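Written out below as structure tokens is the structure these notes cover.
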Amino acid sequence: MKQRKALVTGASHGIGKAIATRFAAEGCDLILNCKTDHELLRATAHDLSATYGIRTQVISCDVGDHAAVCDMFEQIRAFFDGDGIDILVNNAGISQIGLLTDLSIDDWNRVIATNLTSVFSCCHEAIPHMVHQKSGCIINISSVWGTVGASCEVAYSASKGGINTFTKALAKELAPSGISVNAIACGVIDTRMNGCFDAAERAALEEEIPMGRYGTPEEAAALAWQLATAPAYLTGQILSLDGGWQS
């Protein structure tokens, strides 16, 4: 079996870093993307390459910028000698907490660009190679808020709801080409994004979750790898990873 090549966006920490680590352990060559934590990601790439003997490349860019994504894929094709990627993990994401009336149009556009437009742009550039080889896997990292919505997180919820319907629609479009498209709707995962809660708030939230705890980035990574190796007939699904919280 040929060595698979994967792109993970937002890979410098949290779920993205855990996915990169799991995919490296499984022998995938990796393109790792982030917007700002370039040196941190470079160190991660070096460690993964040394530990697992894989090829890695770090590309820093804002995936919410379509032109930057096009340039990133030019670099990817150059790195892989004209070849494309087999697995795309759209993980980059940001949140914006507050009342809708306090949300500026710039804040709205930033969340939508980073969380949703990035998925369009990366898919747009990755798909032609996948169609050519009649295989591929796209995994979008979503949220339970994309299904049920969250008070004071309207932009974030809207972006994740968009990812969910984007996933279902694109899966139908690409199924004839043997390309799977699925999403993981995460609940409360123990990442930097959810580090905004104090000890009392965290304890109260954990009481709401049937499993009684936050999920781990490694659990999200394990599910992402299961999707990457699942039969192609598994497509168009939004899989909740929430400890039974919003299920």
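Choose one answer from Asp71, Asp198, Asp47: the residue with the largest mean-square fluctuation in a GNM of the chain with alpha-carbon springs under 10 Å. Among Asp71, Asp198, Asp47, the largest GNM mean-square fluctuation belongs to Asp198. Close amide H contacts of Thr56 (hydrogens built in the peptide plane, cut-off under 5 Å, sequence separation of 5 or more or a different chain): Leu30. Amide H to amide H distances under 5 Å link Gly243 with no residue, where only residues 5 or more positions off or on other chains count and H is placed in the peptide plane.
List every DSSP H helix in the chain whose Cα atoms extend 24 Å or more along the helix's own long axis and whose mean Kyte-Doolittle hydropathy is at least 1.6.
Numbers: long enough: 154-174 (29 Å, 0.12).
In the chain, no H run is both long and hydrophobic enough.
Distance distribution note for the range 41-160: the fraction of Cα pairs above 18 angstrom is 60%.
If you model the chain as an ellipsoid using its alpha carbon gyration tensor, with each semi-axis the square root of five times an eigenvalue, the axes come out at 28, 19, 19 Å, biggest first. Among the protein heavy atoms, those of Glu219 account for about 70 Å² of accessible surface (1.4 Å probe, every chain in place). With Cα atoms defining each centre, the range 189-247 and the range 1-43 are spaced 19 Å apart in the structure. For the range 9-108, the spherically averaged projection of the C-alpha convex hull amounts to 7.1 nm². Per-peptide packing, taken as the mean over residues of other Cβ atoms within 10 Å, places 148-158, 10-20 in the sequence 10-20, 148-158 from highest down. If contacts are Cα pairs under 8 angstrom and at least 6 residues apart, what is the relative contact order of the range 44-84 in percent? Worked out over the range 44-84, it gives 22 percent.
Which three numbers, in whole Å and largest first, are the semi-axes of the equivalent ellipsoid of the range 129-240 derived from its Cα gyration tensor as √(5λ)? Walk me through the numbers before you get to the answer.
On the way: eigenvalues 184, 48, 20 Å².
The three semi-axes for the range 129-240 are 30, 15, 10 Å.
Here the label points at Leu40 and Arg55, each 7 Å from Cα along the C-beta direction, are separated by 2.8 nm in the simple model.
Roughly how many debye, to the nearest 20, is the charge dipole of the range 46-146 about its Cα centre, given +1 on each Lys and Arg Cβ, -1 on each Asp and Glu Cβ, and no other charges? Let's see the in-between values first.
Working: 4 positive and 12 negative charges, 65 e Å.
It works out to roughly 320 debye.
When only alpha carbons are used to place a centre, the range 125-139 and the range 153-174 end up 19 Å from one another.
Contact order for the range 85-198, expressed relative to its length and based on alpha carbon pairs under 8 Å spaced 6+ residues apart, stands at 31 percent.
When the solvent-accessible surface of protein heavy atoms is calculated with a 1.4 angstrom probe, in what order do Trp108, Trp245 fall, highest first?
Trp108, Trp245
The values are calculated or read from the model by the stated rules, or taken from the named source; none is laboratory data. In this text, all values refer to a predicted model and were calculated from it rather than measured experimentally. Neighbour counts run over all protein chains shown; Cβ positions are idealised from the backbone, glycine included. Surface areas here come from the heavy atoms of the whole protein model, side chains and all, with no ligands, DNA or RNA. Shrake-Rupley method; radii C 1.70, N 1.55, O 1.52, S 1.80 Å.
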